[in-house]
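Colleague: Have a look at this one.
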Amino acid sequence: MTSSVPFDGISMGCDYNPEQWPPSVWREDVTLMREAGVGFVTLGVFSWALLQPEPDRYDFGWFDEVLELLHEGGIAVDMATATAAPPPWLTTAHPEMLPVDAEGRTLWPGSRQSWCPSSPVFREHAVALVEQMARRYGSHPAVRLWHVSNELGCHIGKCWCDVSAAAFRRWLANRYGSIDVLNDAWGTAFWSQHYRSFEEVLPPRITPAVPNPTHELDFARFSSDELLDYYRVERDVLRRLSPDVPVTTNLMVSSHQSEQDYFSWAPELDLIAQDHYLDARLPHPHAEQSFTDDLTRGVAGGGSWLLMESATSAVNWQPFNVAKRPGELLLDSLRHVARGADGIGFFQWRASRAGGEKFHSALVPHAGRDSERFREVVGLGEALRRIGEVAGSPVEADVALLFDWNSWWACDLSSHPSAELRYVDAVHRWHRAVTELGVTADVVHPESDLSRYRLVIVPTLYLSSDATAASLDAYVRGGGQLLVTYFSGIVDESDHIRLGGYPGAFRELLGVRAEEFAPLLPGTTVTLDDGSTADRWTEVLTAPDAEVVARYTDGPLPGTPALTRRAVGDGVAWYLATRLDDAATAALADRLTRDAGVTRLAGAEPGVELVRRGRYLFVLNRGHEPVKVPAHGYDLLTGVNVEGTVDVQAGGAAVVREEGS
Ligand code: GAL
């Protein structure tokens with residue numbers, strides 16, 4: 001990652017799909033984009049079939065015209081390579097490039113993204129198109145960014161076809177060197193799974209009983225690497241033919257999309273770009289947004305990133321298309337900016353008349369320009385222009401929350417002690433607890449440098465490396481405050497249990513030892529002797545070398561330690577062996593952040609989010625009451641001086657350039 005967001009200030013942008021409209025609409029589009037303050041558009045994502053209508057014929061004329069109109073209108077372009085959805089002539093000629101699921105079913109054309117990431121024939125045709133695109137547009141002054149494919153892994157994060165099987169075997173041979181090493185790593189002595197050669201290995205297709213978990217885990221790793229490899233293929237063409245334009249692709253850092261290890265992708269991208277859609281199915285959709293934004297910043301190494309796509313209102317792909325209420329569009333967009341986004345993009349410019357996404361919101365709704373939604377969009381464009389000076393300012397955080405895709409994949413595999421234990425649930429819970437205290441957390445890889453953080457939280461890091469254990473040990477000895485929660489440090493990178501008692505990797509550091517897990521049945525709770533309530537998980541825990549802070553008073557293990565604390569070197573290591581409810585999580589987060597001397601922004605509460613980016617204080621009030629927050633300076637949104645407190649109405653926001661900072 002080398003580039004900053006290549007658009008001016010905090011730019012507003014959108015996907016633009018002009019092929020869905022007649023040329024007469026294109027002119028009106030550019031006029032309206034200017035009215036709305038659109039600074040960039042992502043062009044060409046799904047244009048392949050019309051850019052290359054036949055195998056040996058390209059048709060760039062209409063696309064040139066659109067590009068010139070945008071350029072004349074002063075709108076910058078994030079140019080897609082147009083390879084996301086192959087045209088029917090290609091899938092008809094080469095059905096062997098279609099993806100196959102774990103049950104052996106082909107995913108047929110008729111939608112989008114029907115291609116196998118390992119398919120050589122798909123790669124060959126995609127590269128030919130990318131070369132055409134790069135030669136034709138690679139030095140056009142409007143083109144500021146290249147956008148490889150689209151949401152790599154969306155719909156087809158894994159493919160189980162025979163071509164993928166061969167690629168998987170090559171990946172395994174490269175990882176393990178010999179089949180004996182693989183047999184050892186996969187524990188194939190179990191259930192007669194011993195392999196004689198790599199040729200006998202298949203992708204983990206459906207099986208009669210529980211599949212080998214390390215096989216599944218390695219297939220997840222392979223699938224992430226294989227898509228990254230595909231990205232590299234396109235990127236290398238672009239770098240060769242258009243060396244001055246940065247290259248990225250839009251990531252999907254979210255609670256549902258767990259198939260790519262974006263920490264390993266980051267070094268290959270010139271800029272981190274992320275798509276985010278609020279998910280009304282979640283219990284705390286806005287908290288999830290804040291979490292994914294902080295994780296995206298972690299993927300970006302702490303720097304700025306680009307929100308490539310979000311929705312102005314409803315999405316079509318959830319069971320209920322929940323519309324944004326007045327003001328929510330601004331608030332949700334500012335939340336992204338507060339947490340490091342230096343540009344706010346949307347899907348899409350104009351709501352489609354036809355196709356599978358015709359009920360998805362857009363900047364210009366079906367109702368047209370004369371609509372509240374478009375007026376809100378114009379207001380958002382103006383607000384982002386006003387806060388443009390924020391671009392590039394670093395988000396300030398002195399808490400780290402450790403996160404790992406490998407651990408997520410491994411933790412959520414089947415045949416574990418509790419079907420209700422879910423990795424992101426644990427991570428979200430702790431992120432939300434600190435956020436509601438006015439604390440900003442960086443969400444970072446477990447092997448990151450932790451020395452600058454006052455508090456490190458490690459929720460349910462089921463799979464942990466020796467390096468992570470050593471790093472946490474050094475962090476605490478050096479004066480850090482650490483919280484590790486249940487079902488952490490259980491296995492190594494091969495998903496083998498760390499023997500001798502749980503939580504294996506962190507047992508010594510924490511001074512505790514669990515001999516058995518005692519998960520709770522759904523709907524049951526336990527009480528701790530400090531009055532806290534918890535559910536889902538308990539452990540037969542002893543604390544041979546730690547102070548017991550709280551014990552269970554009921555449930556399967558009355559009198560057993562639930563929360564412990566151990567002073568180590570200059571620091572302190574806490575262990576929490578159960579899932580506290582929201583109030584108790586908040587109380588423990590409060591105690592830990594105070595003990596650690598973590599910066600807390602005064603005025604934060606559930607529904608009122610405060611974040612500091614350099615000299616700018618963001619106040620986001622999603623609550624139903626106005627709030628007063630201490631601040632001195634100048635509110636960029638209202639243009640009003642702030643002396644002592646800033647008043648923020650219910651559903652409103654302030655971005656205060658603080659004086660003297
Ligand atoms: C994204 C995708 C867009 C559009 C959008 C709808 O996953 O990149 O093309 O489908 O979702 O929310």
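The values are calculated or read from the model by the stated rules, or taken from the named source; none is laboratory data. Note that the structure is predicted; figures quoted are calculated from it, not measured. Neighbour counts run over all protein chains shown; Cβ positions are idealised from the backbone, glycine included.
Colleague: Only residues that are among the hydrophobic types (A, V, I, L, M, F, W, C) and surrounded by 22 or more Cβ atoms within 10 Å (Cβ to Cβ): list them for the stretch 287-299, please. First the steps, then the outcome.
Modeller: First, the residues of the stretch 287-299 that are among the hydrophobic types (A, V, I, L, M, F, W, C): 287, 291, 295, 299.
Within the stretch 287-299, 291, 295, 299 meet the criteria.
Colleague: So residue 24 ticks every box in (1) touching a Leu at 6+ places or on another chain (Cβ under 8 Å); (2) outside any strand (DSSP E or B) but one. Which box is left unticked?
Modeller: Just one mismatch for residue 24, condition (1).
Colleague: What single numbered condition from (1) under 30 Å from residue 223 (Cα atoms); (2) over 12 Å from the mean Cα position of the chain (by Cα); (3) not in a helix (DSSP H, G or I); (4) not acidic (Asp, Glu) fails to hold for residue 274?
Modeller: Failing condition for residue 274: (2).
Colleague: Within 16 Å of the ligand (Cβ to nearest atom) and among the aromatic types (Phe, Trp, Tyr): does that describe residue 115? Spell out the reasoning first.
Modeller: Values: within 16 Å of the ligand (Cβ to nearest atom): yes; among the aromatic types (Phe, Trp, Tyr): yes.
Criteria met by residue 115.
Colleague: Next up: All but one of (1) surrounded by fewer than 17 Cβ atoms within 10 Å (Cβ to Cβ); (2) within 16 Å of the ligand (Cβ to nearest atom); (3) on the phi < 0 side of the Ramachandran plot hold for residue 355, so report the exception by its number.
Modeller: It fails just one condition, (3).
Colleague: Look through the stretch 358-368, keep the residues that are in a loop (DSSP other than H, G, I, E, B) and away from the ligand (no atom under 11 Å from the Cβ), and return whichever of them is surrounded by the most Cβ atoms within 10 Å (Cβ to Cβ). It would help to see each step written out before you state the result.
Modeller: Within the stretch 358-368, the subset in a loop (DSSP other than H, G, I, E, B) is 358-363, 365-368.
From the residues that got through so far, the ones that are away from the ligand (no atom under 11 Å from the Cβ) too are 358, 363, 365-368.
Values: 358: 12, 363: 29, 365: 18, 366: 14, 367: 11, 368: 12.
Among those that are in a loop (DSSP other than H, G, I, E, B) and away from the ligand (no atom under 11 Å from the Cβ), it is 363.
Colleague: Could you tell me whether residue 237 is under 17 Å from residue 157 (Cα atoms) and among the β-branched types (Val, Ile, Thr)?
Modeller: Working: under 17 Å from residue 157 (Cα atoms): no; among the β-branched types (Val, Ile, Thr): yes.
No.
Colleague: Report, by residue number, each residue of the stretch 324-348 that is more than 30 Å from residue 450 (Cβ to Cβ), in a loop (DSSP other than H, G, I, E, B) and more than 14 Å from the ligand (Cβ to nearest atom).
Modeller: Once the filter is applied, which keeps residues that are more than 30 Å from residue 450 (Cβ to Cβ), in a loop (DSSP other than H, G, I, E, B) and more than 14 Å from the ligand (Cβ to nearest atom), the stretch 324-348 yields 325, 326, 327.
Colleague: Can you name the residue in the stretch 635-652 that is touching a residue at least 24 places away in the same chain (Cβ under 8 Å) and farther than 17 Å from residue 326 by Cβ and is also surrounded by the most Cβ atoms within 10 Å (Cβ to Cβ) among such residues?
Modeller: 646
Colleague: Within the group 69, 107, 152, 129, which residue is over 20 Å from residue 238 (Cβ atoms), touching a helix residue (DSSP H, G or I) at 6+ places or on another chain (Cβ under 8 Å) and of a type in the set (A, V, I, L, M)?
Modeller: Values: 107 fails: touching a helix residue (DSSP H, G or I) at 6+ places or on another chain (Cβ under 8 Å); 152 fails: over 20 Å from residue 238 (Cβ atoms); 129 fails: over 20 Å from residue 238 (Cβ atoms).
None of the other options fit; the residue is 69.
Colleague: Sort out which residues of the stretch 578-634 are of a type in the set (Asp, Glu) and over 30 Å from residue 417 (Cβ atoms), and write them in order of number. Show your work before the answer.
Modeller: Our first condition is that a residue be of a type in the set (Asp, Glu); within the stretch 578-634, this holds for 581-582, 590, 595, 605, 609, 625.
Residues satisfying the conditions are 595, 605, 609, 625.
Colleague: Restricting attention to the stretch 143-160, report how many residues are at negative phi, surrounded by fewer than 24 Cβ atoms within 10 Å (Cβ to Cβ) and assigned to a loop (DSSP other than H, G, I, E, B).
Modeller: 5
Colleague: Just to check your reading of the model, which residue among 505, 518, 550 is touching a Pro at 6+ places or on another chain (Cβ under 6 Å) and either crowded, with 21+ Cβ neighbours inside 10 Å or in the same structural domain as residue 574 (by TED's automatic domain parsing) (or both)? Show your work before the answer.
Modeller: On the way: 505 fails: touching a Pro at 6+ places or on another chain (Cβ under 6 Å); 550 fails: touching a Pro at 6+ places or on another chain (Cβ under 6 Å).
Answer to the selection: 518.
Colleague: Something else: Just one of (1) within 24 Å of residue 342 (Cα to Cα); (2) at pLDDT 95 or above trips up residue 257, so point out which.
Modeller: The failed condition is (2).
Colleague: A follow-up question, please. With (1) of a type in the set (Ser, Thr, Tyr); (2) surrounded by fewer than 20 Cβ atoms within 10 Å (Cβ to Cβ); (3) within 16 Å of the ligand (Cβ to nearest atom) as the list, and residue 24 as the residue in question, which single condition is left unmet?
Modeller: (3)
Colleague: Name every residue in the stretch 137-191 that is out of contact with any strand residue (DSSP E or B) (no Cβ under 6 Å at 6 or more places or on another chain), within 16 Å of the ligand (Cβ to nearest atom) and not hydrophobic (A, V, I, L, M, F, W, C), in order of residue number.
Modeller: Across the stretch 137-191, the qualifying residues are 149, 150, 153, 155, 157.
Colleague: Of everything in the stretch 27-43, what is within 16 Å of the ligand (Cβ to nearest atom) and either of a type in the set (Phe, Trp, Tyr) or part of a helix (DSSP H, G or I) (or both)? Give them in sequence order. Give the steps one after another, and end with the answer.
Modeller: Quick first cut of the stretch 27-43, residues within 16 Å of the ligand (Cβ to nearest atom) only: 40-43.
Within the stretch 27-43, just 40 meets the criteria.
Colleague: Give the residue that is farthest from the ligand (Cβ to nearest atom), with candidates limited to residues of the stretch 44-59 that are assigned to a loop (DSSP other than H, G, I, E, B) and surrounded by 15 or more Cβ atoms within 10 Å (Cβ to Cβ). Spell out how you get there, then give the answer.
Modeller: Going through the stretch 44-59, the residues assigned to a loop (DSSP other than H, G, I, E, B) turn out to be 44-47, 52-53, 55-56, 58-59.
Checking which are surrounded by 15 or more Cβ atoms within 10 Å (Cβ to Cβ) leaves us with 44-47, 52, 58.
Values: 44: 12, 45: 6, 46: 7, 47: 12, 52: 19, 58: 23 Å.
Here the answer is 58.
Colleague: On the basis of being under 29 Å from residue 214 (Cβ atoms), in a helix (DSSP H, G or I) and in contact with a Leu (Cβ under 9 Å, 6 or more places away or on another chain), does residue 425 make the cut?
Modeller: Details: under 29 Å from residue 214 (Cβ atoms): yes; in a helix (DSSP H, G or I): yes; in contact with a Leu (Cβ under 9 Å, 6 or more places away or on another chain): no.
So residue 425 fails the test.
Colleague: Can you tell me which residues in the stretch 254-308 are free of Cβ contacts under 8 Å to residues at least 24 places away in the same chain and more than 16 Å from the ligand (Cβ to nearest atom)?
Modeller: To start, the set of residues in the stretch 254-308 that are free of Cβ contacts under 8 Å to residues at least 24 places away in the same chain comprises 256, 283, 285.
Passing the criteria: only 283.
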